[in-house]
Every structure is written in structure tokens, then in C-alpha cells.
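Working notes for the structure below.
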Ligand SMILES: [Zn+2]
């Protein structure tokens, strides 16, 4: 009965929101929400980000209906619950989230901490590989999906949770996870290979916010840098672990020194983060006589790409990043020419 009341309330919200659908993306999301709310015997999962949701969908296959809570154009770090979210959270049988402090908007964070149906993939990875976590200024870097070999460690928790809800299809969930495991392992090796085609002297990355530490460690550092724990030299960003962090002039100067020292001539926007800090960086660099450009193609860090793009899946977004970086970084002039 409670579930039916919840369903009716949610359907009312769908109808209300649909009156204001202004873009094809929003319309598509509302259609998906309507389908998700339909009772079809599948496990109803709600995932905070689509990087979480993509794994859940792949493992759950035909027996899971997943909805992503946070739209790709929004910042998952600061996301606060909006009208209609309470009903989605109430309707979901399981809520999967990234964790490790990613979803720190107060209202969502509060829900995830209290709910007994919320599963943190980050916590599962932290348990399986505690030494793999990156700590910056005593804070755990939550962007753990940026290293495929770590994100893959979330699969057992998804299989276990879905099997608890639908034991009859536990074998299917296990088989789907094994297939995805192989795909992700192959993608991890391919991204490594792709980044290795960029010479060491050009393999430096600067983006909007601190989302690429795991990527830089896994795919950009040299063995020597990994051994000496100095791999962080491969990645810099003007904003901190969250895009809403304040930009200090001291940090801008440090990044300018970094651009100059490593002869970095291209910096990268992220799909769902304002380019303001990058523009400030380009302007400040020009005043110092350093010519830096912002790449036309965005990288995907805190969100996947739009449906139909090459980054509309988890593996797709990471391979898109590798291909984009390979293309732009290789185009930078050699050090002797500068
Ligand atoms: Zn982030």
C-alpha cells in the first residue's frame, strides 16, 4: 500500500515536471523516470552518478531497472536533493553511490549516511584495496572511478547486493559481472597503451578540478615516479577536490610555474565544470608570455557523456579521455622548438 501511494505521488511529480520539459535530454529523462516507476518485477535501483549506474545496469542486465539521480550536467560533489528526489529515494529498493566523500551536498549526504538501503561502492573498494586510496591534505580523493583497475573492485558488492534482492538470478548477475570484468580489464590495458604513445616529456595534464589523480597515477606516471611516489607531477588543476573550491592567486602562480617548467601548452575543460578557472589560467599565462590553449574537446571526470556520444558508458568515458589526451598532448611542440 505504502509503495502504491509512493508510486502515485511520483507519477504526479512526473506529470508536473513534464509540463516544464524544455530540452530533448530533459524529456528523455522524464520518459525514463516514468518507465522506472512502472512496476515490472525488476529490482528498482537508484544510482547517484551514471558511472555507478552503468556498472549496476551491466551486472543487473534484464532483471534491474536503474535510474541515475544526478543529471550529467550537475556537480555530484555539491548536489542537494531537489523536488521529487525524496520520492525516488523512497521508491528505490537499493541506492548505490560512489562514496568516499563524493556526494557531500548536505541533504543527499545525510540520506546516504542514514539509509539502510544505501550501498557505497567507494567503501567496498576501500575495504578491498585500502592502500590504493589517494589522500590529499588529509582528505580521501573520491574520484576512484578514474582508474579502471580500482573501479572494477566495485563489482563484487553489486553482485552481492543484487543477489540478495533476487537470489533466483544470482548466477546471471555473476556471469554478467565476469563479462564486464574482462571488458574493463581489457580497457584498462588499452588506456595504458594509449597513454604510453605520448612521450614522457609531453605527458602532463591540467584540467579544471582535482579529478584526475587516479588517472594520472594509473596511466600517465613513469615507473620511476611510481616507485618514488612523485607521480603527482603529472597532474595539476586550479580547483581542488570539488569544483566549488575557491581559486587562490597563490595556486594560480604555482600552476603557471608548473606550465612553464614542463612546457605544457594545452589544458583541458571538463564536461560539467565551468571553464572560468581555465580562462583565468590562460589569461595569467599570456601575461607571463606563455601561450596556452584550452582544448576544444572536453574530458569526462564527474559525469559520463550524453547518450549516443563515445563517452555514454563508463568504459567509453575513460577511453574517450585517453584518446583525447593522446591526440592533444602529442600535438604540443617538442621542447627543443620552444
Ligand atoms: Zn570531482
Item to check | Members of segment 173-198 that are over 21 Å from the mean Cα position of the chain (by Cα) and either crowded, with 19+ Cβ neighbours inside 10 Å or closer than 18 Å to residue 144 by Cβ (or both) | outcome: 173, 176, 198
Checklist outcome for this item: Note on segment 244-266: residues outside any helix (DSSP H, G or I) and within 21 Å of residue 328 (Cβ to Cβ) are 262, 263, 264, 265, 266
Checklist entry - Taking the stated definitions as given, is residue 140 modelled with pLDDT of 95 or more and surrounded by 18 or more Cβ atoms within 10 Å (Cβ to Cβ)? => result no
Checklist entry - Within the bounds of segment 23-36, is there any residue that is over 30 Å from residue 185 (Cβ atoms), part of a loop (DSSP other than H, G, I, E, B), modelled with pLDDT under 95 and outside the structural domain of residue 313 (by TED's automatic domain parsing)? => result yes
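For (1) at negative phi; (2) within 16 Å of the ligand (Cβ to nearest atom); (3) touching a strand residue (DSSP E or B) at 6+ places or on another chain (Cβ under 6 Å), each residue gets a yes or a no:
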{"residue": "144", "(1), (2), (3)": "yes, yes, no"}
{"residue": "147", "(1), (2), (3)": "yes, yes, no"}
{"residue": "165", "(1), (2), (3)": "yes, no, yes"}
{"residue": "182", "(1), (2), (3)": "yes, no, no"}
{"residue": "185", "(1), (2), (3)": "yes, no, no"}
{"residue": "197", "(1), (2), (3)": "yes, no, no"}
{"residue": "206", "(1), (2), (3)": "yes, yes, yes"}
{"residue": "212", "(1), (2), (3)": "yes, yes, yes"}
{"residue": "216", "(1), (2), (3)": "yes, yes, yes"}
Checklist outcome for this item: When restricted to 42, 83, the only residue surrounded by fewer than 21 Cβ atoms within 10 Å (Cβ to Cβ) and without any contact (Cβ under 8 Å) to a residue 60 or more places away in the chain is 42
Checklist entry - From 54, 85, 62, 116, which residue is in the same structural domain as residue 150 (by TED's automatic domain parsing), touching a helix residue (DSSP H, G or I) at 6+ places or on another chain (Cβ under 6 Å) and modelled with pLDDT of 95 or more? => result 54
Checklist outcome for this item: Over segment 272-304, the set of residues touching a helix residue (DSSP H, G or I) at 6+ places or on another chain (Cβ under 9 Å) and either in the same structural domain as residue 98 (by TED's automatic domain parsing) or within 16 Å of the ligand (Cβ to nearest atom) (or both) is 277, 298, 299, 300, 301, 302, 303, 304
Checklist outcome for this item: By residue number, the members of segment 199-240 that are surrounded by fewer than 21 Cβ atoms within 10 Å (Cβ to Cβ), touching a helix residue (DSSP H, G or I) at 6+ places or on another chain (Cβ under 9 Å) and not in a helix (DSSP H, G or I) are 199, 222, 230, 240
Next on the checklist: I want to confirm something. Restricting to segment 62-71 and keeping residues that are buried (at least 17 other Cβ atoms within 10 Å of the Cβ) and more than 13 Å from the ligand (Cβ to nearest atom), which single residue is farthest from residue 173 (Cα to Cα)?
Outcome noted: 69
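Could you please let me know if residue 317 is under 20 Å from residue 102 (Cα atoms), part of a helix (DSSP H, G or I) and out of contact with any strand residue (DSSP E or B) (no Cβ under 8 Å at 6 or more places or on another chain)?
yes
The values are calculated or read from the model by the stated rules, or taken from the named source; none is laboratory data. This structure is a prediction, so every number in the text was calculated from the model and none was measured. Positions of Cβ are backbone-derived with ideal geometry, glycine not excepted, and every protein chain shown enters the neighbour counts.
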